[in-house]
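Student: I have a structure I would like to understand better, so I am pasting it below and will then ask my questions one at a time.
Since every read-out is calculated from the coordinates, none of them should be taken as a lab result. Here the structure is a predicted model, which is why all the values come from computation and not from measurement. Neighbour counts are summed over all protein chains in view; Cβ atoms, including those assigned to glycine, are modelled from backbone coordinates with ideal geometry.
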Amino acid sequence: MDIGQEIRSYSRYPLTHQLLVALLKDYKRPNDKVHALLGEGMLQSIKKGLYIAGPAVGGKRPEPFLLANYILGPSYVSTDTALSYHGLIPERVYEVSSMTTKASRNYETPMGMFSYIRLPLPYYAFGIQQAKLSDDQYAMVASPEKALFDKVVTTPGILLRSIKDARGYLVDDLRVDEDDLKTLDTKAMLSWIKDAPKKGSLSFIIKMINDL
């Protein structure tokens, strides 16, 4: 199998530098070969040390959520991206937004924009699910409840002081359907409150949902 076929066999996955060095073990200067493969369009750089199969190789590309997990870790997809994925908000979201324990930052890549917002532990670790994106691709994604909480926590200027404020934000601003809100696990949400930022705002969200 030549190197093009090797790369194509991994086209559905992000390619780390470590993996590429293993694939190029027969080359005396694997880093030079990586540079050559980039020039030939057989590899495409996502960021330093992370690649995907290039257009010259063909094949399917990694799902954006999976790529997001690799670009900066630890991380999980959340806020508008996860809310749209779970069908809670009607808008289609093009930027992939994630939460991380590292410093907030953005990455502009050939696969689109990926943004990361820092959250504190232990709040960060709550409500993360493994989502099946395809038969062989999985990614870490916020549950609907955690995505909603993360949206409030990370949006500047959002301070909910009453149940009325919470309803206005969720139903009028985000356009979340009340029937969908009724399906959320408020017991799990309540268990996260003591370790969460914006405790007051999140408490009113839980009260508003429980009143439906």
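Student: Which of rounded, prolate, oblate describes region 3-53, given a ≥ b ≥ c as roots of the alpha-carbon gyration tensor eigenvalues and a/c under 1.5 marking rounded, otherwise prolate only if a/b is larger than b/c?
Tutor: Here region 3-53 falls in the rounded category.
Student: First check a/c for region 64-210, with a ≥ b ≥ c the square roots of the eigenvalues of its C-alpha gyration tensor; if it is under 1.5, answer rounded, and if not, answer prolate when a/b is larger than b/c or oblate otherwise.
Tutor: prolate
Student: Provide the net charge surrounding E178, with neighbours chosen by a C-beta distance below 12 Å and charges set as Lys +1, Arg +1, Asp -1, Glu -1.
Tutor: Neighbour charge sum, excluding E178 itself: -2.
Student: Give me the percent of DSSP beta bridges within region 69-212 that run antiparallel, rounded to the nearest 5.
Tutor: So the antiparallel bridges amount to about 70 percent of the total.
Student: Using label points projected 7 Å from each Cα along Cα→Cβ, tell me how many nm separate S45 and Q130, to one decimal.
Tutor: 3.3
Student: Could the peptides 106-114, 171-179 be put in order, highest first, of the mean number of other beta-carbon atoms found within 10 Å of their residues?
Tutor: Listed from highest to lowest mean packing, they are 106-114, 171-179.
Student: For N210, put the label point 7 Å out on the Cα→Cβ axis and report which residues of region 120-153 keep their amide N under 20 Å from it.
Tutor: Once the point is set 7 Å along Cα→Cβ of N210, 127, 144-150, 152-153 turn out to lie under 20 Å by backbone N, inside region 120-153.
Student: Could you order the peptides 89-101, 31-43 from most to least packed, using the average number of other C-beta atoms within 10 Å per residue?
Tutor: Per-residue mean Cβ counts within 10 Å order the peptides as 89-101, 31-43.
Student: Mind ranking 191-197, 76-82 by how tightly packed they are, going by the mean number of other C-beta atoms within 10 angstrom, highest first?
Tutor: Final packing ranking: 76-82, 191-197.
Student: Based on the Cβ-Cβ distance of D180 and S11, what FRET efficiency does E = 1/(1 + (r/R0)^6) give at R0 = 45 Å, to the nearest 0.05?
Tutor: Using R0 = 45 Å, I get an efficiency of 0.80.
Student: Let me ask another. Excluding same-chain residues fewer than 8 positions from K199, which lysines have a Cα within less than 25 Å of its Cα?
Tutor: Within the straight-line cut-off, K199 pairs with K102, K146, K151, K164, K182, K187, K207.
Student: Rounded, prolate or oblate: which fits region 52-98, taking a ≥ b ≥ c as square roots of the Cα gyration tensor eigenvalues, rounded meaning a/c under 1.5, else prolate when a/b beats b/c?
Tutor: Oblate shape, in that a/c is at least 1.5 and b/c is the bigger or equal ratio.
Student: Still on this model: In which sequence would R118, R8 go, from the one with the fewest C-beta neighbours within 10 Å to the one with the most?
Tutor: So the ranking, lowest neighbour count to highest, is R118, R8.
Student: Which value in deg cm²/dmol, rounded to the nearest 500, describes the helix-derived mean residue ellipticity at 222 nm for the chain, given -39,500 (n - 2.57) per DSSP H run of n ≥ 4 and division by the residue count?
Tutor: Taken over the chain, the calculation gives -10000 deg cm²/dmol.
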